[in-house]
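A short write-up of the structure that comes next.
Each reported figure results from applying straightforward, stated rules to the coordinates on display, with no laboratory input. Just so it is clear, the model here is predicted, and its values are computed rather than measured. Don't worry about glycine lacking a Cβ; one is built from the backbone with ideal geometry, like all the others, and counts go over all protein chains shown.
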Ligand code: SF4
């Protein structure tokens, strides 16, 4: 299990940030991703594997509105 | 296709003008963003006067909406109604308005006593009128009185001459009127860019949701483009005053009309921003190609795109018909669509070569200014996922001077009433107003413009209709209170707020009513879960409304703040605030005015005006806690269908939040439990927000708070003391 934006989410072997975003259907483009508090820049998302038990924040920045 | 050109005998039309008043004023240079005078026109008596702007006025109210609110307060009594001669429309611009080196710097703030809400409304609009009027010599314009005949007010900003003419023969609808007037007054094609018009339309003659159109001349398209001051019925007030249009001529635009204190800083900050825009926009919001409708599928994916009167947050089956790809194709590309010089965000997109399918201009080929996201969302709210309907509705709403948001939200309400059996064919004049009925909806809009039929009632808006449906058709008042998505009398803009308590507050505590420009917190609250406690939400509902108010004090557009972001924004402490852009704005303000304010001072400037606006509503008998009411549709499922459509989510919440096992409970029982909980949460939110803002439990700013922000003015203390 990992935590995504304070809620539990099932972990799987090899789960990358890109895959997580897809599975959560986070289609908004202006996202900031932090794993255990550390920012991971966008170009690294496809390669970055999320460890089991990680605390992940996928912060949607405001736009629109 | 070639755009349809309507032929007129402009000489004959002009020959009918009778000069009713003329006024000459001294042209003086702007001093660091301020003219230090405003203009007052009484269209009833035709008196035209100038007023000085005091240092105190600038210190307390800054400019733009602040000036507008102050002038409107002074001009009206607590009893003044929207259609009284003493009601004013105030146009104000702000110290930064008109600089050409940064994006989004040409906005006008318009305020009046609203026919929809009976309290002050403010609307922020693009086009060239604001900068031109400011360069012509004034920080604000008050229009008061009611004329006994149709008039045009003409401002020659080059010569310092103002004229009021009778104008019996011009068109009323804006797309034709703007073209007529620019054609009439500009000596050649080259000069047309120096003219700007403000007008409404036939819809504004009858509806309480009238809007104003501000033009700017698009040289590439050879077309007067239109931007709208949409909310709260300002167009209705304009037409009540029998003003057909205002026209301004100003030819002297330079890179420094504002005579700023430090032009080099402004250039440097602007250049940095433009670079960021060019480098980041394509990968971020794609504003330059798709404009605000880039949000369509995103809002649908997050269950936020209103569908069937805010019952649902989108329709996955239909969204492909109106998503960003469609708009990218329908909008003309390759033309920079900024609504004032220097706007590199350039989001004012256009559908060119659109052939109208309905109404008085059926068969005409036109250019449609838009749609913006809000207009497209107004259409999905009626369950009409059809880009051609959206274009058609957008065009006619604009030219008729009808607010697309209020029209869409009101029609969505009417459609739900129709499907619930409150309305029928007999009542609607034979029109099936079920959800999804595009042709019939267009007919309602045309009826608003003609002032006839059931459409004429629709134009009065949801609050008026609720009462009418109860009195005339025996509707259940509680049901209408639950589904009518209005607050303070203003129809809600197009985001579903059910799963974000903070956004419920953002909408329904907002001073003017539920318009997203005061606060948009849905992602922070519902998706990111960054503001879980009442204290967190109250802090967000303190900071962001004040931050956003500041754009209106300055004559700025909000979009360039956070619809593109610096690449390293993610690494900052508070990415939601876009700290680098806050610093840009701080530097711009200081460079224009020569002052040295901090980021906190920005919030203080707003806080003074924000509290003033709240007290203005209280002075008029509104503005207290009961008026911050949120209809239950804004909080949760009103109908069983709605509950069942998201049953998994709601059942889970009953278990996880309320500790209730939903097994064996009827849907009605579960809905009641959820409703009691959510309504209780909203009341707790109100308490938290009021406390954070320095207001009483009844939403009245306290004396101590007013003292602490320097707004303990005798006239404000008198109002609050009577209500504390
Ligand atoms: S961002 Fe769009 S709406 Fe704002 S000033 Fe620029 S073109 Fe106009």
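Tabulated values for the structure
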| quantity | calculated |
| --- | --- |
| Sequence-separation-based contact order of chain B, relative, with Cα cut under 8 Å and 6+ spacing, percent | 15 |
| Förster-model FRET efficiency, 45 Å R0, residue B:583 and residue B:717, C-beta, rounded to 0.05 | 0.80 |
| Cα gyration tensor shape for region B:314-362, rounded if a/c is under 1.5, else prolate or oblate | oblate |
| Shielding of A:34-44 by partner chains, average beta-carbon count, 10 Å | 1 |
| Tensor-based shape of region A:2-60 (alpha-carbon gyration tensor, a/c under 1.5 rounded, otherwise prolate or oblate) | rounded |
| Between region B:327-359 and region B:546-566, the Cα center-to-center distance that results, in Å | 22 |
| Geometric extent, Cα atoms of chain B - Rg, Dmax (angstrom) | 24.3, 79 |
| Percent breakdown of C-alpha pair distances by 10 Å bin, ordered from the shortest bin, for the protein assembly as shown | 3, 14, 25, 28, 20, 8, 2, 0, 0 |
| Inter-chain shielding of A:23-31 (mean C-beta neighbours from other protein chains, 10 Å cut-off) | 5 |
| Separation of alpha-carbon centers, region B:392-461 and region B:680-720, rounded to whole Å | 39 |
| Structure-based [θ]222 nm, the protein assembly as shown - -39500 (n - 2.57) summed over DSSP H runs of at least 4, per residue, nearest 500 | -11500 deg cm²/dmol |
| Exposure proxy order (Cβ contacts within 10 Å, fewest to most) of B:81, B:65, B:192, B:488 | B:81, B:192, B:488, B:65 |
| Relative contact order (%) - region B:261-354, alpha-carbon pairs under 8 angstrom, separation at least six | 28 |
| Contact order normalised by residue count of region B:1-60, Cα under 8 Å, 6+ apart, percent | 22 |
| Highest to lowest packing among B:280-289, B:324-333, scored as the average C-beta count within 10 Å | B:280-289, B:324-333 |
| Within 10 Å of each Cβ in B:296-303, the average number of Cβ atoms from other chains | 3 |
| Relative packing of peptides A:39-50, B:573-584 - highest average C-beta neighbours within 10 Å first | B:573-584, A:39-50 |
| Global form of region B:30-90, assessed from the alpha-carbon gyration tensor, a/c cut-off 1.5 | oblate |
| Protection-proxy order for peptides B:381-394, B:335-348, B:197-210, each taking the mean of Cβ atoms within 10 Å per residue, highest first | B:197-210, B:381-394, B:335-348 |
